[in-house]
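Chemist: I have a structure here, written as structure tokens, and I will follow up with some questions on it.
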Amino acid sequence: MAKERVLDLRRPVTVWRSQDLQDGRTAQSLTMILRTVGCRWNRCTMCGFAGEGAPASALDLIAQFECAMQRSSSDVSVVKIYTSGSFLDSAEMPIMARDEILKRLAALGIKKLVIETRPEYVTPQTIEICLARLPTEFAIGLETASDLIRENAIKKGFSFQDFADAAEAVHRQGGRVKAYLLLKPPLLTEGQAMRDAIASARAARSHADIISLNLCNVQRNTMVERMWERGEYRPPWLWSALEVLKSVPGPIVCDPVGAGTRRGPHNCGECDDSVADAIRTHALSQDVAPLQSLDCPCKSTWTELMELEEQSFGNIV
Ligand code: SF4
Ligand SMILES: [Zn+2]
């Protein structure tokens with residue numbers, strides 16, 4: 001009989017320290033991923049978070065938070081709490097746990113909290129509950145400004161207008177908004193995906209204080225993985241990510257997770273590390289100059305591939 005995986009519901013999925021761009025400056029941050037029951041929507045074509053859910057109680061979640069905070073120190077000013085879903089969904093993050101976590105963060109003097117949520121859980125009440133305790137950035141996975149792509153290629157289940165309304169509500173009450181954009185949803189060619197990300201960043205700009213460009217990874221048990229296994233999907237080239245970062249006025253940040261791996265964004269294998277490092281440096285400096293000089297023989301392969309795809313599939317985006 002296969003051995004069942006035993007999860008400790010009182011420990012977070014993971015926790016790490018990093019530097020972060022906050023209000024134009026570098027800040028020390030602590031990021032934790034808490035293990036909740038998981039995202040209620042759970043349908044997006046690239047999202048493998050479904051496999052991470054577990055029946056964590058409010059007390060389990062508080063214990064996970066406490067455990068993660070042991071990695072903090074006095075110089076940490078930003079705490080990011082991710083749940084592989086929506087922090088503001090009370091079915092996922094019970095109200096008791098949410099309130100206790102907010103109270104403890106405020107008592108610790110944390111300057112800023114970043115949480116992720118779908119727009120349907122962003123209400124005047126949930127916004128106020130966070131902001132009454134500490135400055136909060138509400139990160140929303142818009143993915144693309146195109147309703148056509150979001151609905152059909154990503155199956156996100158909300159519209160650009162839903163995002164814009166949620167962002168406006170947050171701003172009205174004094175909070176900050178981060179928009180996540182996805183570079184290379186399935187069913188788009190490399191060029192279409194790149195142009196869509198550039199257009200999306202421009203469209204989201206007036207609704208978001210900061211844009212985070214997420215480079216699609218092939219996660220397990222997803223539609224993207226099934227397409228990838230059949231040779232119908234390739235993660236984005238890092239050159240495409242560079243192009244987006246160079247074309248869009250900041251602040252725009254990107255953490256090239258999984259760069260250089262088959263399942264992650266990659267170029268030829270030779271230049272991946274240097275391009276990924278430049279992208280990480282840009283996230284803190286917002287200086288595009290170092291991005292301009294990067295080069296590798298595979299850059300012409302990337303250009304030719306886009307031209308070929310253009311001839312085969314046309315310029316629909
Ligand atoms: S991408 Fe976000 S909204 Fe979509 S299934 Fe994953 S956690 Fe849920
Ligand atoms: Zn290369």
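The values are calculated or read from the model by the stated rules, or taken from the named source; none is laboratory data. On a predicted model such as this, the values are computed, not experimentally measured, just so you know. Virtual Cβ from ideal backbone geometry, glycine too; neighbours counted across all protein chains shown. Remember, those area values only see protein heavy atoms, side chains included, never the ligands or the DNA or RNA. Shrake-Rupley method; radii C 1.70, N 1.55, O 1.52, S 1.80 Å.
Chemist: For the chain, divide the Cα radius of gyration by the Kirkwood radius and give the resulting Rg/Rh value with two decimals.
Modeler: Rg divided by Rh gives 0.96.
Chemist: How tilted is helix 58-69 with respect to the longest principal axis of the chain? Cα atoms for both, answer in degrees (0 to 90, nearest 10).
Modeler: In the chain, helix 58-69 runs at an angle near 70 degrees to the longest axis.
Chemist: Please work out the ratio of the alpha-carbon Rg of the stretch 175-303 to 2.2 N^0.38 Å and round it to two decimals. Present the calculation step by step, with values, prior to reporting the outcome.
Modeler: Numbers: Rg = 14.1 Å, N = 129, 2.2 N^0.38 = 13.9 Å.
Against the empirical 2.2 N^0.38 Å value, I get 1.01 for the stretch 175-303.
Chemist: Would you mind checking the tilt of helix 272-285 against the longest principal axis of the Cα atoms of the chain, expressed as 0 to 90 degrees and rounded to 10?
Modeler: Rounded to the nearest ten degrees, it is 50.
Chemist: Further question on the same structure: Going 7 Å from the Cα of ARG10 in the Cα-to-Cβ direction, what parts of the stretch 19-48 have a backbone nitrogen less than 20 Å from that spot?
Modeler: 33-37
Chemist: Then there's this: Sort by residue number and report every cysteine in the chain with no other cysteine beta carbon within a distance under 4.7 Å.
Modeler: Among the cysteines of the chain, those whose Cβ sits 4.7 Å or more from every other are CYS39, CYS67, CYS130, CYS216, CYS254.
Chemist: Among residues other than ARG280 whose Cβ falls under 11 Å from its Cβ, what is the net charge (Lys/Arg +1, Asp/Glu -1)? Before the final figure, lay out the partial values.
Modeler: On the way: positive: none; negative: ASP255, ASP273, ASP277.
Cβ neighbours under 11 Å give a net charge of -3.
Chemist: Here's a follow-up. Hand me the GluC sites (Glu not before Pro) from the stretch 189-277 located in a DSSP loop with no more than 13 other Cβ atoms within 10 Å, in residue order please.
Modeler: Working: sites: GLU190, GLU225, GLU229, GLU232, GLU243, GLU270; in loops: GLU232, GLU270.
Hits after loop and neighbour filter: GLU232, GLU270.
Chemist: On the protein heavy atoms, probe 1.4 angstrom, tell me the percent of accessible surface of the stretch 97-238 carried by carbon and sulfur.
Modeler: Values: 2680 of 5330 Å².
The nonpolar share, carbon plus sulfur, comes to 50 percent.
Chemist: What net charge is computed for the residues neighbouring GLN173, neighbours being all others with C-beta under 15 Å from the C-beta of GLN173, Lys and Arg scored +1, Asp and Glu -1?
Modeler: On the way: positive: ARG133, ARG172, ARG176; negative: GLU128, GLU137, ASP165, GLU168, ASP209.
In short, -2.
Chemist: First measure r as the distance between the Cβ atoms of ALA132 and SER293, then evaluate 1/(1 + (r/R0)^6) with R0 = 45 Å and state the FRET efficiency to the nearest 0.05.
Modeler: Numbers: r = 47 Å, r/R0 = 1.05.
Plugging the Cβ-Cβ distance into 1/(1 + (r/R0)^6) gives 0.45.
Chemist: In addition: Which FRET efficiency value, to the nearest 0.05, do you get for ARG40 and GLN70 by plugging their Cβ-Cβ distance into 1/(1 + (r/R0)^6) with R0 = 30 Å?
Modeler: Working: r = 29 Å, r/R0 = 0.98.
For R0 = 30 Å, the calculated efficiency reads 0.55.
Chemist: Here's another thing I want to ask about it. Per-residue HN-Hα couplings for the stretch 259-266, Karplus 6.51 cos²θ - 1.76 cosθ + 1.60 at θ = phi - 60°, whole Hz, x for Gly and Pro?
Modeler: 4, x, 9, 5, 7, x, x, 7
Chemist: Same structure again: With the dipole of the stretch 10-134 worked out from charges on the C-beta (+1 for Lys and Arg, -1 for Asp and Glu) around the Cα centre, which of ILE115, ILE81, GLN70 lies farthest toward the positive end?
Modeler: In the stretch 10-134, that residue is GLN70.
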